[in-house]
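K.L.:
Dropping a structure here in structure tokens format, bear with me for questions.
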Amino acid sequence: MLFKTGDRILFIGDSITDSDRREDHDERLGWGYVRMIRDYYQASYPNTRMNIVNHGIGGDRVTDLQSRWQEDVIKHSPDYVSISIGINDVWRQLDSPEMKQVYPDQFKEVYTELLKIVKEKTSAQIILMEPTIIEEDIEAKGNLLLKEYVQVIHDLAKQFEAIIVPTHQAFITYLKADSKVSITTDGVHMNSIGNLLMAKTWIESCHEAQRK
């Protein structure tokens, strides 16, 4: 297994990562894919106890991560940093066009700076998750706009030797199957199937990276 007892795996992102973690008074993991990942490893490897931390905050864009990077990431000296960001960077273009927007060039610039800080100040392995979907329609404007952001993440994964988690592609593949069973509650936020698909894709990607 890639992870070992004592490893601190820090997840950071937006509401999809957050998943009401503040209402989870016991563990602060929330009720989404982060908890499912923890549960998978606990059930599969009961003698391996990782320290899993959820620092997702609803509504965050990459610029919001920038403002809390030292406090919520670097300060914790993680062994692994898993980042899921990009949905709100696109969604705000659709639902709040009056806001100052984060377009792909700025997205890449800020994200690059965050990853440089991780490399300079920690020994953490970086795990980059593609943003998932905006509407359960492959041709929806949000999904078309997301493509550039997904490409940025792939470019950064190569630059920083990060593990890439192809969550966007996993969701597009699911939608192409036309199962008629929803994976979100509102086109963006996950139901249990969506969370499981995220967790499954994350676990498979990390295990694949271990085999290389």
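K.L.:
If each of residue 138 and residue 180 carries a label point 7 Å out from its Cα toward its Cβ, how far apart are those two points in nm?
P.N.:
That separation, rounded to one decimal, is 1.9 nm.
K.L.:
Per residue, what volume in Å³ does the Cα convex hull of the chain take up?
P.N.:
Measuring per residue, one finds 123 Å³ for the Cα hull of the chain.
K.L.:
Just to confirm the filter: which GluC sites (Glu not before Pro) across region 113-164 are DSSP coil and have at most 12 other Cβ within 10 angstrom of their Cβ?
P.N.:
139, 161
K.L.:
Ok, one more. Quick check on packing: order 121-128, 169-176 by the mean number of other C-beta atoms within 10 Å, highest mean leading.
P.N.:
121-128, 169-176
K.L.:
Using just the helices of the chain, give the 222 nm mean residue ellipticity in deg cm²/dmol: DSSP H runs with n ≥ 4 each add -39,500 (n - 2.57), and the total is spread over all residues, rounded to 500.
P.N.:
After summing the helix terms and dividing by the residues of the chain, the value is -15500 deg cm²/dmol.
K.L.:
Take 182, 205 and order them by how many other Cβ atoms sit within 10 Å, fewest up front.
P.N.:
Ordered from fewest to most neighbouring Cβ atoms within 10 Å, 182, 205 come out as 182, 205.
K.L.:
I would also like to ask the following. With a ≥ b ≥ c taken as the square roots of the eigenvalues of the C-alpha gyration tensor of region 111-162, please select rounded if a/c is under 1.5 and otherwise prolate if a/b is larger than b/c or oblate if it is not?
P.N.:
prolate
K.L.:
Placing unit charges on C-beta atoms (Lys and Arg positive, Asp and Glu negative, everything else neutral), compute the dipole magnitude of region 1-119 about its Cα centre in debye, rounded to 20.
P.N.:
About 460 debye.
K.L.:
Treat every Asp and Glu Cβ in region 8-211 as -1 and every Lys and Arg Cβ as +1, leave all other atoms uncharged, and give the resulting dipole magnitude about the Cα centre to the nearest 20 debye.
P.N.:
600
K.L.:
Turning to a different aspect of this structure: Could you pull out the pairs from 158/200; 100/158; 147/176 whose alpha carbons sit more than 26 Å apart here?
P.N.:
100/158
None of the figures in this text is laboratory data; all of them are computed from the coordinates on show. Just so it is clear, the model here is predicted, and its values are computed rather than measured. Don't worry about glycine lacking a Cβ; one is built from the backbone with ideal geometry, like all the others, and counts go over all protein chains shown.
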